[in-house]
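Visitor: Pasting in a structure now, in structure tokens, and then I'll have a few things to ask.
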Amino acid sequence: MRYKFENVSRRTKICGIIVVVGFLAFAILMGIYHRLAKALDDQQVAERWNKEGNCAQISCYFPQNTGITPDRIQAFQHSLDQYLIQSSIYSDSANPDARLWIAAYSSMGTLSITTEQTSHITQAIGVGGDFFLFHPVKLIEGAYFSGQDVMQDYCIVDRETAWKVFGSTDVVGQYLQFNNVPHKIVGVYERPAESIYEKAGLSQPTIFVSYDTLTKYGGTTEIENYEIVMPNPVRSFAFLYITEQLGDKEGRIELLENSSRFDKLRILRLLADTDTRTMRTKAIVYPYWENVARGYENNMMTLLLFAIIIVTVPIVLLGICGIMAWRRKNKKRGVKR
Amino acid sequence: MEENRKKRDWVKNAAIVFLTVMLLLTFFSNTIMNHSLPEVATEYITSGTIVSKIRGTGVVESGDPYNVQVMEARKVAGIVAQVGDEVEKDDILLYLEDEESEELKAALDKLEALQDEYDAMVVSGLDISLVNRVEGGNAPSIEEYKQRVDTAKKEMDDALLKVDQLEDYLADTEDWIDALNLQISLEEAKSFHADVEESALNVAKSNLDNAKIAKQQAQNNYDALMADPNATPEAKNQAQQQLVAASTAVTDCEAEVNRCQQAYNDAVINAETQKSEVAATIQNLKNQVAHNQVRVRDIGNDLAEHQEDYERKQKVYNDLVNTSIPAEMNLVKKLEDIAEQKEEVAKLRDKSEGATITAPVAGKIISVNVVSGETTNPAMPVFVIQPEGKGYTVSISVTKEQATRVSVGDPADLVNAWWGSEMEAVVQSIRPDPNNPSKNKLIIFKITGEVTAGQSLTLSVGQKSAEYSTIVPNSAIREDNNGKFILIVEQKSSPLGNRFVATRVDVEVLASDDTKTAIQGGVYGYENVITTATQPIEAGQLIRLPD
């Protein structure tokens, strides 16, 4: 007897459609999930730095009065070099200038931009180290600067600031005055347009300056954020070392491993902690990139929850159908005898 | 039949739709592909120069300013020169009110006070000959004063020595008198008696009496026995023996009495003799006491006399040391002070400013520190002049690494010098920054040209430019754990046309400045290097160039 689709029962057809749609929806949701997980460049630094995956990205967020200064960071980084040597971790690159780790630190503040006509206050982020390797903001013009540059009087302005001060975005090479001290514009960047960035703290025009400049002219005295990508030969090697060196016993400092941030197991654990997730027990002001990442975590928690719910239906249906088919088969075999 | 026709139509339609879609996709595949690829901006690798500049901002300070000071406190009548004025040597800067300065007034007052004090000392009772000597310029010297003091002291000390000697002598004599009196007392306390002998004599006499009584008894007993016819011969013998013994005892006692009597008599005679000797000794001692008492009186008189002499000499010495010599020296000093003060007044009169202050050097007025009606302060300059040709300096603090790129003599450019001033700046010196000597250095620039002190300048100074054959924009340099690299655009042929691929080239950074970086690596010098992209790109990824 030839098989005909018309002979298949209505119920079976409906179950089949539900299973197919269910798995399709699950695949789409997981596709979106993976896309979201890779969407934030800030959180993919370890992968960009070392494609073999032997690195971890760790972020540290400090409350006020923890005494973290560039000197403290320099001392820590020196101890890190010694630790890597003791752990027999060397660079195997043919390039003699290849580095094992990169790090960046930053603080938020405000600066007063003075021009001949006026002066106004602008949001500023004082950066040090390889900040723009961690946060490659979208440049319209120019290039990034780093803490290794000889001069630290550079700044990168956003489109709005460039228009406000100069009336143009072609301003690379021009000077901005902070407390009547000129600083050279080396780049113009575009602030992300997504609303989540505005809600995360990037709603105002913001410029990037060196940490040194923000300290001298913005009144900042301490580092608020520190990020590092370093070798991670085994799980939690980097995280445990950073916790030991920069963490505190009182638990005021927030440390997290970005490279495993969007792993499904971790997101599932966040689902289990939804009651405490919104509680604030630390006096830390997160930078905009961390707030965006946390927003993404929330979205991915929702996606994962829906995906689990959706995929449960076809799996259960398949299970039921399989059991029924097995019973039917046993029954026919019994009749044949 | 109808059913088969329907099936064939369905298949035909499906095939037509499928082929149409495939055709459209094929025709527009390139466009679709291009739209999905990241768009990159590129620049060609060039050659050129890299000059690493050090920038900094500092405040212009006057290189070698000249301070114009008024050395007296005088009231300002009017100011002629203002800040920024160019003045020539001897140009009038300000006018002073024509009156004595405060310093001259004070000096004259002090001179008058000194004169009054001197007059008071002269009339206070000093020796007029001394005053005349002092005023005549023959004031006693220190050596003379010392000589007088030494002489007075010697006399005083000699008098004191004499007094001490007499006191010692008096004390010795009084001690001797006391010793004599003690000896007299001891002699007087002596007693001479024959008590022992008298007592012995009395005992002997008593014994004799007893012996006589015993003898008498023995005699009576013997007589009784002899008279008794019944007495036995033995009793008679015994009585006779007793009588003999008693007689013997009486004889012995009598001899003892005689002996004791003799002894007693001798003792009495001896005592009398000794008594007379002691009396003579006592008398002698008393004579000595009387003689020494006379001596004590004489010594006392002598002592009193010398005591007065000493007190007199002591008074003379104290008076000399505490009163007369100091008074004389004060007089001399006062006269010297008066002479000095007169010189001071004369000097002030000579130095006394006229009614105008003129510029001692030609230059530009950079500071005026006084206003009309104020009194000048000798410690504060009234004008600060920047002499012509002396120049200004600007100090900039830089890190030690930045300082290694600068050498003394390097010319500096002005940043934002849009006002077109003709200024020149040269590195004059490099030294540790006193505010942070462990980390920073101070670069001092010499500034010439149209500039004023207090102006803020931003200067840029750099290493000598160097030629490099491969230079890329800073935005083209990327880095990962294998070091720094650039992404160049390579063209590859494909069935759908030419495709562009981002290819990684590892490089080494040789030098960099604000915008460019000189590299060396696997590049030939004509490659197209990727500077920016619409999305992150990796080596080997297909890219598209802007239209």
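The values are calculated or read from the model by the stated rules, or taken from the named source; none is laboratory data. Every value quoted in this text rests on a predicted model; they were computed, and no experiment measured them. Don't worry about glycine lacking a Cβ; one is built from the backbone with ideal geometry, like all the others, and counts go over all protein chains shown. Heavy atoms of the whole protein, side chains included, go into the accessibility calculation; ligands, DNA and RNA do not. Shrake-Rupley method; radii C 1.70, N 1.55, O 1.52, S 1.80 Å.
Visitor: Since B:Ile177 meets every condition but one in (1) surrounded by fewer than 12 Cβ atoms within 10 Å (Cβ to Cβ); (2) farther than 30 Å from B:Lys315 by Cβ, which condition does it not meet?
Guide: Tallying (1) surrounded by fewer than 12 Cβ atoms within 10 Å (Cβ to Cβ); (2) farther than 30 Å from B:Lys315 by Cβ, B:Ile177 fails exactly one: (1).
Visitor: Inside the range B:46-83, can you point out the residues that are within 14 Å of another protein chain (Cβ to nearest Cβ), outside any loop (DSSP other than H, G, I, E, B) and open to solvent by less than 70 Å² (accessible area, probe 1.4 Å)?
Guide: Passing the criteria: B:Ile50, B:Lys53, B:Ile54, B:Arg55, B:Gly56, B:Thr57, B:Gly58, B:Val60.
Visitor: Continuing with the same structure: Looking only at strands (runs of 3 or more DSSP E) that fall completely inside the range A:157-236, which ones have 1 or more residues that are within 30 Å of A:Leu84 (Cβ to Cβ) and at pLDDT 90 or above?
Guide: Of the strands (runs of 3 or more DSSP E) lying wholly inside the range A:157-236, those with at least 1 residues that are within 30 Å of A:Leu84 (Cβ to Cβ) and at pLDDT 90 or above span A:206-210, A:225-231.
Visitor: Find all pairs meeting these conditions: Cβ atoms under 6 angstrom apart; at least six residues apart or on different chains; first residue within the range A:3-21 and surrounded by 10 or more Cβ atoms within 10 Å (Cβ to Cβ); second residue at pLDDT below 75.
Guide: none
Visitor: Now a separate question. Is it true that some residue in the range B:25-45 is within 14 Å of chain A (Cβ to nearest Cβ), more than 60 Å from the chain's Cα centre (by Cα) and open to solvent by 80 Å² or more (accessible area, probe 1.4 Å)?
Guide: Scanning the range B:25-45, I find at least one residue that is within 14 Å of chain A (Cβ to nearest Cβ), more than 60 Å from the chain's Cα centre (by Cα) and open to solvent by 80 Å² or more (accessible area, probe 1.4 Å), so the answer is yes.
Visitor: Check whether at least one residue in the range A:283-291 is open to solvent by 80 Å² or more (accessible area, probe 1.4 Å) and in contact with a Gly (Cβ under 9 Å, 6 or more places away or on another chain), and report yes or no.
Guide: yes
Visitor: Still on this model: Where in the range A:1-97 are the helices (runs of 4 or more DSSP H), entirely inside, with at least 2 residues that are in contact with a Cys (Cβ under 6 Å, 6 or more places away or on another chain)?
Guide: Those helices (runs of 4 or more DSSP H) span A:45-49.
Visitor: If only one of A:Lys138, A:Lys184 is more than 23 Å from A:Gln43 (Cβ to Cβ) and touching a residue at least 12 places away in the same chain (Cβ under 8 Å), which one is it?
Guide: Exactly one residue qualifies, and that residue is A:Lys184.
Visitor: Can I ask one more? Output yes when any residue across the range A:189-197 is in contact with a Leu (Cβ under 7 Å, 6 or more places away or on another chain), among the basic types (Lys, Arg), over 26 Å from B:Gly483 (Cα atoms) and open to solvent by 30 Å² or more (accessible area, probe 1.4 Å), and no when none is.
Guide: yes
Visitor: Still on this structure: Would you confirm, using the coordinates I've provided, whether B:Ser438 is open to solvent by 20 Å² or more (accessible area, probe 1.4 Å), within 10 Å of another protein chain (Cβ to nearest Cβ) and more than 22 Å from A:Val186 (Cα to Cα)?
Guide: Judged against the criteria, B:Ser438 is not a match.
Visitor: For the range B:445-546, list the strands (runs of 3 or more DSSP E) that sit wholly inside it and hold at least 1 residues that are away from chain A (no Cβ under 11 Å) and closer than 30 Å to B:Ser62 by Cα; which are they?
Guide: B:456-462
Visitor: Among the residues of the range B:331-344, is any within 44 Å of the chain's Cα centre (by Cα), open to solvent by less than 80 Å² (accessible area, probe 1.4 Å) and farther than 28 Å from B:Ser129 by Cα?
Guide: yes
Visitor: Going by the conditions given, is B:Ala41 among the small types (Gly, Ala, Ser) and either within 25 Å of B:Ile385 (Cα to Cα) or not in a strand (DSSP E or B) (or both)?
Guide: No.
Visitor: Can you tell me which of B:Tyr145, B:Tyr118 is touching a residue at least 60 places away in the same chain (Cβ under 8 Å) and farther than 30 Å from B:Leu348 by Cα?
Guide: Every option except B:Tyr145 fails the conditions.
Visitor: Here is a check on your reading of the model: is A:Leu303 in a helix (DSSP H, G or I), outside the structural domain of A:Glu194 (by TED's automatic domain parsing) and aliphatic (A, V, I, L, M)?
Guide: yes
Visitor: Related question: Hey, could you check the range A:96-140 for residues that are at the interface with another protein chain (Cβ under 9 Å from one of its Cβ atoms) and of a type in the set (Asp, Glu) and say which is most open to solvent (accessible area, probe 1.4 Å)?
Guide: Of everything passing the filter in the range A:96-140, A:Asp97 is most open to solvent (accessible area, probe 1.4 Å).
Visitor: Same structure again: Mind listing whichever residues of the range B:284-326 are β-branched (Val, Ile, Thr), open to solvent by less than 70 Å² (accessible area, probe 1.4 Å) and touching a residue at least 60 places away in the same chain (Cβ under 8 Å)?
Guide: B:Val289, B:Val296, B:Ile299, B:Val321, B:Ile325, listed by residue number.
Visitor: In addition: Being under 19 Å from A:Gln44 (Cβ atoms) and open to solvent by 20 Å² or more (accessible area, probe 1.4 Å): is that true of A:Arg252 here?
Guide: Spelling it out, it is not the case that A:Arg252 is under 19 Å from A:Gln44 (Cβ atoms) and open to solvent by 20 Å² or more (accessible area, probe 1.4 Å).
Visitor: For the range B:149-169, what are the residues that are of a type in the set (A, V, I, L, M) and out of contact with any Phe, Trp or Tyr (no Cβ under 6 Å at 6 or more places or on another chain)?
Guide: Within the range B:149-169, B:Val149, B:Leu161, B:Leu166 qualify.
Visitor: Among the residues of the range A:156-180, count how many are closer than 27 Å to B:Gly454 by Cβ and either more than 12 Å from every other protein chain (Cβ to nearest Cβ) or open to solvent by 30 Å² or more (accessible area, probe 1.4 Å) (or both).
Guide: Total satisfying the criteria: 6.
Visitor: Counting only residues that are of a type in the set (A, V, I, L, M) and at pLDDT 90 or above, which one in the range B:103-121 is surrounded by the fewest Cβ atoms within 10 Å (Cβ to Cβ)?
Guide: B:Ala113
Visitor: Name the one entry in B:Val68, B:Val59 that is among the β-branched types (Val, Ile, Thr), touching a residue at least 40 places away in the same chain (Cβ under 8 Å) and farther than 30 Å from A:Gln152 by Cβ.
Guide: B:Val68
Visitor: So for the range B:479-501 (the condition being farther than 30 Å from B:Arg405 by Cβ, open to solvent by less than 40 Å² (accessible area, probe 1.4 Å), among the hydroxyl-bearing types (Ser, Thr, Tyr) and touching a strand residue (DSSP E or B) at 6+ places or on another chain (Cβ under 9 Å)), does at least one residue qualify?
Guide: No.
Visitor: More than 16 Å from B:Glu254 (Cα to Cα), open to solvent by 90 Å² or more (accessible area, probe 1.4 Å) and either in a helix (DSSP H, G or I) or in the same structural domain as B:Glu256 (by TED's automatic domain parsing) (or both): which single residue out of B:Asn221, B:Asn230, B:Asn237 fits that description?
Guide: Checking each option against the conditions leaves just B:Asn230.
Visitor: Can you pull out the residues in the range B:46-69 that are among the small types (Gly, Ala, Ser) and more than 60 Å from the chain's Cα centre (by Cα)?
Guide: Residues satisfying the conditions are B:Ser47, B:Gly48.
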